[in-house]
Amino acid sequence: MAGETVITVVGNLTADPELRYTQNGLPVANFTIASTPRNFDRAANEWKDGEALFLRASVWREFAEHVAGTLTKGMRVIAQGRLRQRSYQDREGNQRTAIELEVDEIGPSLRYATAQVTRAASNGRGGQSTPSTTQVASEEPWQTPGAQTDAWSTAGGFGDDTPF
């Protein structure tokens with residue numbers, strides 16, 4: 001949508017994502033990303049942490065279940081989404097404003113870790129999902145009939161020769 005503020009944040013989760021369900025049964029996961037800049041102080045000849053930014057974030061529907069089942073406290077993540085501002089009144093009656101990230105994409109950062117990706121099979125729109133390591137040919141219309149379902153996991157599937 002035009003005019004939305006889209007940002008990318010790299011940081012660590014401060015706690016496990018909290019998965020909840022609305023009264024209508026819609027899943028939502030809430031979590032906080034802490035992003036701390038590091039700068040090299042030439043005078044002290046050392047790296048120093050800057051002031052941390054703590055950004056509340058949320059994901060909805062099946063995406064929320066994937067996030068809650070995959071990401072954990074302390075993980076370094078890369079998240080992209082839209083900033084949302086909302087106003088509310090606190091318990092003392094003061095007017096407050098909160099800025100939150102409505103996440104469109106999130107995943108683990110591979111700078112200091114490795115990850116194994118598993119496709120989740122859906123049981124219908126908005127329903128529970130289950131991890132699946134096999135792919136059904138009808139789900140992959142671009143796949144050659146009779147082709148191996150996971151070309152990336154086969155050692156030696158491709159030679160070292162330049163294709164041109």
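Compute the Cα gyration tensor for the stretch 8-110, then decide on rounded, prolate or oblate, letting a ≥ b ≥ c be the square roots of its eigenvalues: rounded whenever a/c is under 1.5, prolate when a/b is larger than b/c in the other cases, and oblate in all that remain. Could the numbers behind the result be given before it?
Values: a/c = 2.65, a/b = 1.42, b/c = 1.86.
Oblate, because a/c is 1.5 or more while a/b does not exceed b/c.
The simple Förster model, with R0 at 35 Å and r as the Cβ-Cβ distance, assigns V10 and E92 a FRET efficiency of 0.50.
What is the local net charge at R82, summed over the other residues whose Cβ is closer than 15 Å to its Cβ (Lys, Arg +1; Asp, Glu -1)?
Numbers: positive: R56, R84, R86; negative: E4, E100, E102, D104, E105.
The answer is -2.
Overall form of the stretch 22-68: prolate. Here a/c, set by the Cα gyration tensor axes a ≥ b ≥ c, is 1.5 or more, and a/b is the larger of a/b and b/c. The GluC sites (Glu not before Pro) of the stretch 36-121 that DSSP puts in a loop, and whose beta carbon has at most 14 other beta carbons within 10 Å, are E51, E92.
Residues of the stretch 77-101 with an amide N closer than 12 Å to a point placed 7 Å from the Cα of R111 along the Cα-to-Cβ direction: 77-79.
Along the stretch 93-105 the Karplus relation, 6.51 cos²θ - 1.76 cosθ + 1.60 evaluated at θ = phi - 60°, assigns HN-Hα couplings of x, 7, 7, 10, 10, 10, 10, 10, 9, 8, 6, 9, 9 Hz to successive residues, with x for each Gly and Pro. Our coupling estimate for the stretch 76-82, obtained by passing each phi through the Karplus curve with A = 6.51, B = -1.76, C = 1.60 and θ = phi - 60°, is 7, 10, 10, 10, 10, x, 10 Hz, Gly and Pro reported as x.
Quick note: the coordinates plus some simple rules give every number you see, no bench work behind them. Just so it is clear, the structure is predicted and the values come from calculations on it, not from any experiment. Cβ atoms come from the backbone with ideal geometry, glycine included; neighbour counts cover every protein chain shown.
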